[in-house]
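Only one structure is covered here, and it is reproduced in the block below.
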Amino acid sequence: ASRTSARPAGLRLSWMTMVAGKMALGLVSCMMRGAAALAIAPPAALGVRRCTSGRVLNDLARSQRQIAPRAAGAISMALKKPMNHSSLADFPDFGGAGKLIKMAFKASNDVKPNPKITNSKKQAQSHAAARIDAYTSTITKALKEKQKTFHDMKRRLRPFEGEMAELSQIALERNGGRSLKTVMDDFDLMRRAVVRSGKEASAAASQAEHKRAALDLAEEGIAAVRLTLETEDEAMRELGRTVTALRRLPRVEQGEPVLVLVGMPNVGKSSLVTATSTGTPEINMYPFTTRSLKMGHVITPGHRYQLMDTPGVLRREEDERNAMEGLTLASVSLLPSVVVFVMDLSGMSGAQSSPELQLRVRDELRSQFPDRPWLDVRSKADLPLAEGIEPGMVPQGTLEVSVVDDTNIDELKARMTAFAVDEGALLANQEKAKQAEEATQA
């Protein structure tokens, strides 16, 4: 304290500002790792060897002894409230009853007779009941933990993944499937049935007439609990199938810029993802539908970004849109995305995607998301404009491309890359996505 007070006030303030600034920059660098275009400063330049919460907290602990208490408190509060999102890909494998039965059998065999009970009959009664209790509790605790894990991870999904999960469930129910609530209710009924079976068997064993009867009742009780679980196993299997389907939903890499290709059905979005991606795009099936989605990546020297094909959007009222259209709009509103609006104005995309309707949908979505970075693309430019569509009706600045003769494909890549590495646009996009996220949680 005496050494600190001996310094001139101006020097102390400058030094504290420097330390606080270094800590803040280190925290920002950690938060924004993985997005090369957004990196503010490399961790090594900030004296941070690894972007881990433990490292930053250690740096903070040292600095708290040196910098002003109020500044230290502010940084500490920021570090204590990290974003703790889960991911659909992180959902555990719920499996069936087989694994639980093995765990429960081992737990019951690990139970030893109580040597403090000298009466052989009472010792056998106690041992039999304890074995049944161990078998039952191993199963029921695991089931309850599965319930808790599922609810907790679903609650902590990022808004876009949460929206995908909800829309998938809506699609399932519309196709005659059971709601997630019904599945979870059955799962809980299964757990309660196991508890009830175990209690009844344990009570019977504790009242066995003699030692041999206690041993028999222990085996019978364990068998009864196992039968209950296997009889009700369908609830667990159905939840497992639901979780497996959710885990297969398209995954958007956090920290990478996202360009979302939007447009009406059959306009060529998927072909453009294939033509502009580095390597073969990943193809994911939407659960409970026959629709697939392509996720492509573009890798250039120093940069990497994602291309996301989305389901076609029709021109209709918001409350009339289906789950797939809802997912397209969610990808624009809930992701820090750049919109690449794809139009086929040749008249070859079918009546529901006529050129006139495409232009109206484009204008409506543009007005709905006026602040999003936006690139208009006319696909199938090797074909002439449809009858009744004049060049002046095409939005100004539209890039004409064709995957048939590669017209402007390289230029499309260049323009998309320019959006992906535009730090100002990406930071603004992140802020918009954050506001949308906060709105969904309000």
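Which one, 96, 180, 130, projects farthest toward the positive side of the charge dipole computed for region 88-247 from Cβ point charges (K/R +1, D/E -1)?
Toward the positive end, the furthest listed residue is 130.
What would the Debye equation give as log₁₀ I(q)/I(0) for region 108-169 at q = 0.16, 0.25 Å⁻¹, counting only Cα atoms as equal point scatterers?
Debye output, listed in q order: -0.64, -0.96.
Using 0.36 nm per residue, how much length does the chain from residue 203 to residue 297 gain when fully extended, once their Cα-Cα distance is taken away?
This chain segment gains 27.7 nm when fully extended.
So if I take the centroid of the Cα atoms in region 146-186 and the same for region 100-115, what is the distance between those two points in Å?
Spelled out, the Cα-based centre of one part sits 35 Å from the other.
Which length gain, in nm to one decimal place, applies between residue 366 and residue 396 when the Cα-Cα distance is subtracted from 0.36 nm times their residue separation?
On the way: separation 30, 0.36 × 30 = 10.80 nm, distance 1.32 nm.
Working it through step by step, the gained length comes to 9.5 nm.
Counting only C-alpha contacts under 8 Å and six or more residues apart, can you give the relative contact order of region 88-247 as a whole percent?
39 percent
Report the calculated FRET efficiency for residue 121 and residue 142 (r = Cβ-Cβ distance, R0 = 51 Å), to the nearest 0.05.
Numbers: r = 33 Å, r/R0 = 0.64.
Once the sixth-power term is evaluated, E becomes 0.95.
Could you calculate the FRET efficiency of residue 414 with residue 241 from 1/(1 + (r/R0)^6), where r is the beta carbon distance between them and R0 is 35 Å, rounded to 0.05?
According to the calculation, E is roughly 0.20.
Over the Cα atoms, compute the radius of gyration (one decimal) and Dmax (the largest Cα-Cα distance, rounded to a whole number) for region 88-247, in Å.
Rg, Dmax (Cα atoms, Å): 19.4, 63.
Using a 10 Å cut-off on Cβ atoms, rank the peptides 355-366, 158-169 from the highest mean neighbour count down. Before the final figure, lay out each step's value.
Details: 355-366: 17.0, 158-169: 21.6.
Top of the packing list down: 158-169, 355-366.
No lab work stands behind these numbers, since they all come straight from the coordinates. Computed from a predicted structure; not experimentally measured. Neighbour counts run over all protein chains shown; Cβ positions are idealised from the backbone, glycine included.
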